[in-house]
1. Could you go through the stretch A:171-181 and let me know if any residue there is at pLDDT below 90 and facing chain B (nearest Cβ under 8 Å).
2. Can you pull out the strands (runs of 3 or more DSSP E) entirely within the stretch A:675-748 that have at least 3 residues that are buried (at least 18 other Cβ atoms within 10 Å of the Cβ) and free of Cβ contacts under 8 Å to residues at least 60 places away in the same chain?
3. Could you list all residues from the stretch A:40-69 that are part of a loop (DSSP other than H, G, I, E, B) and more than 13 Å from residue A:85 (Cβ to Cβ)?
4. Looking at (1) under 24 Å from residue A:375 (Cα atoms); (2) in contact with a strand residue (DSSP E or B) (Cβ under 9 Å, 6 or more places away or on another chain); (3) more than 7 Å from every other protein chain (Cβ to nearest Cβ), which is the only condition residue B:25 fails?
5. Between A:203, A:197, which is closer than 22 Å to residue B:145 by Cα and within 11 Å of chain B (Cβ to nearest Cβ)?
6. Filter the stretch A:206-226 down to residues that are under 27 Å from the mean Cα position of the chain (by Cα) and part of a helix (DSSP H, G or I) and give me whichever is surrounded by the fewest Cβ atoms within 10 Å (Cβ to Cβ).
7. Look at residue A:575 and say whether it is loosely packed, with under 11 Cβ neighbours inside 10 Å, at pLDDT 50 or above and not in a helix (DSSP H, G or I).
8. Take the stretch A:129-160 and flag every residue that is surrounded by fewer than 19 Cβ atoms within 10 Å (Cβ to Cβ), within 11 Å of chain B (Cβ to nearest Cβ) and over 39 Å from the mean Cα position of the chain (by Cα).
């Protein structure tokens, strides 16, 4: 079958001549299109001209507005021809020309005629064209025909109407929703594709109605769905239903039998869809996984690359959460490393890296090295990340893994790839003591020839923290000072800071560092000069004597204890005046961060290219809002505002959520209310709060909302007093009270008389975590050691049977409401033990650090050791109390 | 203005982002995009160029091949100097895409009477374009069975499509094809 694919150079001239479109020109073709106006239409010739026009469009040629309009008008003339071949081409080019709405009118009647033609091909195509180019107003005119077409006995016509319905649902949902009955009938069609399209549309129509989707799935999983494509849809919708219903952990998972039975379907696409669906079930058990893994394993040795790819990709995902379940496939996986398809090979490698054991590391690394050069950057990143986690899993193997990383660091590659490697080395240096010296030298060699400023500064910062602690800090100085000579201003400034850190920590190096820093005083860049001056002064470079005191170390190594984005916001709001900027006024709350943060644990706060742009500061917004209300002005500084907690179900008449604002002696509940009924106006809206289950709280102020019109959110507040500095907890029940007035939505007129009414909201709780701010520290060990050991409180707790270690860890983090540090909230798969580091600020501005050590045994019993240090020993005790009561 | 159809979630139904038919140098023979992921001609051409470069050395002649590319899944198959591609989002069921590709590939084979190469494809560009139009509508799969697709392209009505076989098909448009080719050359 294989034939020589390219006729090489000598033949090429001949080949070009064969093209029927040789020398084609837009201008000439547009002239040829005048043939469309001939009274005696030559159908074949017109078809050819349309083909030429389509060829031009396909090659990326564009028509001006005038040209397009002219062609469109000419094409409309062709409806006079009875030639079916030509008509097909007319339909095609109308879709390509995308006529404007005033132009559409010209073809509407012709298309509507075709829609009612006796020729099925005309009907089907006219529906597709008309629905593509039409707007809402026209749609109401043709709706009747479309509805009929959905149940047309010709499957092509029915499919055309159904597919058009799926598209129209995006723009005119109210019209398409009226076809429900017809679509439902079409689902029962004997034609395979009609069933597929009808099922897709029906699901789209009902997707927001959980019950309806559930009913649909229930009835169809019992019956016979004919086409494999429709069966795939049914599997998707079934998993959706499973996802939404299975809250209870006990008992059989609904519809699992159906998914499992699909694994025995005759079509491969259905088998695969079902296997994938099973692996993606939340909390899937090993017993449920087994049959799915078995069919995927069979696919691994298929002769079809697509099948192998699909299977290995799915197993790769499974390996992230259930590595043991995949180990059975390891032999098949290993043979895929040499697969001609590099995507398959990469996926196989990374799966093996996740499931492999210590003895297989060296063999795997050898195989990877061979193929690393011929895969794309995006795959390389995947491999690097897999190797990083492997190295953390088997620290003894650091030598071969570190060598591998440093080798690939020297090769060509883009920023993302290089960053992934640097991040990995940084993590290994930090977490594996034996790897420190060699890792730092690899990084130093890398910055000698690094084109990425961001990476250079990141490495310099890291070097400043870790380099001085090595056995021979001197050897790093040359690399660092080279940066001052050779690089751009940003890197030079970073290098100056790094030099200063060496000077501060290594007494013997100090005089030499001063010499180097003094040279930097003549740098052409302000920032570099300023930093050099600053460090010379703080380190005592001028009189070159004296101990470096703790303040200096704190200044050089301490982390900024406020999030950078908050600082930026506060600085922007700062108005230059007599009063200096006060850094303690910057809110410390870490805003919810995107997940990407987790993927780059090596990130250090160099302040350069601050990667996370937070959404607009809500903390700031709340502060402004609350300080604008006189009743709350005496409460002092806002300590923390919670994320909004929903107090109503989705899609109810009134949507209410609450934000808890914590002050030292007060708590303010901010109820955000939305009225979703156009026919109502609510007035004098208050929330009646019953605090009988919250003994330490007493209500002081309730601030009603005067009026709450339809769809324009408003707030009402209730404030409570509580004992100062005490993390009082309690439960509050809420009742929304208001006066409701009828509104005529057409005129907007409101009736004068209103009726009192009330609406039960869900309860809300003040928990211990509400008194804790998530404030991270960049170097946990330093921070920990700088705290008074006498404040330390240690105790052990049994957490009972837990689903997994990861679940137990996340439960404790949530309970305490603290910021996980250094990515320790991520629990590696299969770990039997885990240490998690947390940091936060407790009410009263008390810094708290927590070290959690978890262990899990066979029957999933989890034990935990909790070590707390804080600025105030009483708070250390309080943290233990929270855990003991949680 | 025609609607540009939006993107749909994996939840709803399989969705195809583009169908490409390129020659052995990566130049376009026929392409159709169903997604706004590539808003400009330059973006489209650059996607085609990198995709071609990435796949050209692979052997996708006996079996369809597959790759992950820019967070898309692309299935592809080559014959003579023609390269067939079907692209979808990274969550798509690979085997469904393979079915679309196979339908496209085989239907073109039927329509060109197994004389599948760039020259015949260009001479019958109308058939190729109609073929793509019968496979995907605005990203939604219309049909994957090659006989049905070729039947819909080559016949005048939709009535007898299901029973259309290769034999009758060849006869049905042999003459038409020759006429068209000749007149385009003039």
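1. yes
2. On the way: elements: A:680-693, A:698-703, A:705-708, A:714-721, A:730-742.
Ranges flagged: A:680-693, A:714-721.
3. Going through the stretch A:40-69, the residues part of a loop (DSSP other than H, G, I, E, B) turn out to be A:40-42, A:59-64.
Residues satisfying the conditions are A:40, A:59, A:60, A:61, A:62, A:63, A:64.
4. Every listed condition holds for residue B:25 apart from (2).
5. Details: A:203 fails: closer than 22 Å to residue B:145 by Cα.
Answer to the check: A:197.
6. Applying the first criterion (under 27 Å from the mean Cα position of the chain (by Cα)) to the stretch A:206-226 yields A:206-210, A:213.
From what is left, the residues that are part of a helix (DSSP H, G or I) are A:206, A:210, A:213.
On the way: A:206: 19, A:210: 13, A:213: 19.
Once the filter is applied, the top-ranked residue is A:210.
7. When the stated conditions are applied, residue A:575 passes them.
8. A:153
The values are calculated or read from the model by the stated rules, or taken from the named source; none is laboratory data. Everything numeric in this text was worked out from a predicted model, so none of it was measured. Reconstructed Cβ throughout: ideal geometry from the backbone, glycine too, with neighbour counts over all protein chains shown.
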